[in-house]
Amino acid sequence: MIKTVACVVMPGFAPFEFGLACEAFGLDRTDDGIPNFDFRIVTPDPGAVPSNLGFSINIDDDLSFADEADLVVVTPIPREAWESVDERVLDVVRRTVARDAWVLTVCSGAFAVAASGVLSGRRATTHWRYAETMSRMYPDIDVDPNVLYVQDGRIITSAGTAAGLDACLHLLRLELGAEAANIIARRMVVPPQRDGGQAQFIAAPLPASTSLSLSPVTDWMLENLRLDLSVDQLAARAHMSPRTFARRFKADHGTTPAAWLGRQRILHAQRLLEQTDLALDAIAYECGFGSAAVLRQNFARVLGTTPTAYRARFACADDAMRSPAA
């Protein structure tokens, strides 16, 4: 489990994206039952480090702490630095990957990690405006411009700005469990899991009118996950044709109704595994998977683990919060 986090800041850093890392890993949330991280901001040359907005922050720690951190976060770097990343930072990234610790980049921070060579032969992403440039500079990297983040092994790269928070929450979910990630997201007043990718923000912005909002339908879906929910049934509730409903749903959520529903079922199964002693067949029924076998298949596909292994790692230790086994 992650206990120590080094946030690497270089001259010309972007304050908002830097703040995302501080918000995700640097705050004390022990009152909410979330373990504290030893979070430190590091830089190659300690002292005043200028941002891209005309102000500086004073950083006391050099890069040495990054060599022992469980997670190294690389914040964005300015365009003029993409081809001349500080070699000391590149060495830290290489050593971090070599010792199998986590590396997470926000937006153009991916260029620093790409320059280190550790992304060669891997999938990665960055802000959609910079994806073509990254592909041209590093043709051996499979750059996906359409996703919010990519995890390849223990390297996570994220798209522009707020997508860095999606990547942070994804890693927190992996390390602390779904319920802990939900608590952190709730404190931030953001969704714990956004579906879809960057394409939904490029080509299909949300409509200005809210008169045809699908939120009543999605709320009803969440309350009825155990049911066999077809597009025809959902479209009827939205008073739309199935074709119009599917198109509107993808425009609003960046994914299909079936994919969104499948993700919500997985999230509900994670909560039940963490907080109850329900048998797998009962959880499968509650989440709409039908059988434990189908639940296992979906867990393996989405989370890369089994329900039993997930429960063993993340089950709540407080017996008062758990229900009798079914």
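Test of understanding: given the chain, find the longest segment containing no GluC sites (Glu not before Pro) that are in a DSSP loop and have at most 16 other Cβ atoms within 10 Å.
Longest gap between qualifying sites, sites excluded: 84-326.
Between V302 and D219, what is 0.36 nm times their sequence separation minus the Cα-Cα distance? Round to one decimal in nm.
27.6 nm
Near the amide H of V73, under 5 Å away, which other amide H atoms are found, from residues 5 or more places off or on another chain, if H is placed in the peptide plane?
A6, C7, V8, L104
Counting only other residues whose beta carbon sits under 10 Å from that of R226, what net charge do I get with K and R as +1, D and E as -1?
Summing Lys and Arg as +1 and Asp and Glu as -1 gives -2.
Can you give the accessible area per residue of the chain, in Å², using a 1.4 Å probe?
Per-residue accessible area for the chain comes out at 46 Å².
Taking only DSSP H segments of four or more residues, each worth -39500 (n - 2.57), what value at 222 nm results for the chain once the sum is divided by all its residues, to the nearest 500 deg cm²/dmol?
-13000 deg cm²/dmol, from helical runs alone.
Using a/c under 1.5 as the rounded threshold, could you call the range 232-310 rounded, prolate or oblate? The axes a ≥ b ≥ c are square roots of the C-alpha gyration tensor eigenvalues, and prolate needs a/b larger than b/c, oblate otherwise.
Judged from the Cα gyration tensor, the range 232-310 comes out prolate (a/c at least 1.5, a/b above b/c).
Extension gain S291-K3, at 0.36 nm per residue separation less the Cα-Cα distance, in nm?
100.0 nm
Restricted to Cα positions, what overall size does the range 1-123 have along the principal axes? Three whole-Å values, descending.
Largest first, the range 1-123 extends 43, 36, 25 Å along its Cα principal axes.
Add +1 for every Lys or Arg and -1 for every Asp or Glu among the other residues with Cβ under 10 Å from the Cβ of I183, and state the total.
Local charge sum for I183: +1.
Span-like helices, the chain: DSSP H, alpha-carbon axial extent 20 Å or more, mean Kyte-Doolittle -0.5 or greater, which ones?
Helix filter hits for the chain: 257-275.
In terms of solvent-accessible area of protein heavy atoms at a 1.4 angstrom probe, what is the ranking of D152, D45, highest value first?
The ranking, largest first, comes out as D45, D152.
At 1.4 Å probe size, with no ligands or nucleic acids counted, give the accessible surface of R154 in Å², nearest ten.
80
GNM on the chain, C-alpha springs below 10 Å: top fluctuator among Q151, Q297, Q275?
The residue with the greatest mean-square fluctuation here is Q297.
Expressed as a whole percentage, what fraction of the accessible surface of the chain belongs to carbon and sulfur atoms when a 1.4 Å probe is rolled over the protein heavy atoms?
52
The values are calculated or read from the model by the stated rules, or taken from the named source; none is laboratory data. Because the structure is predicted, anything quoted here is derived from the model rather than measured. Ideal geometry is used to build each Cβ from the backbone, glycine not excepted, and the neighbour counts take in all protein chains shown. These accessible areas exclude ligands, DNA and RNA; they are computed on the full protein's heavy atoms, side chains included. Shrake-Rupley method; radii C 1.70, N 1.55, O 1.52, S 1.80 Å.
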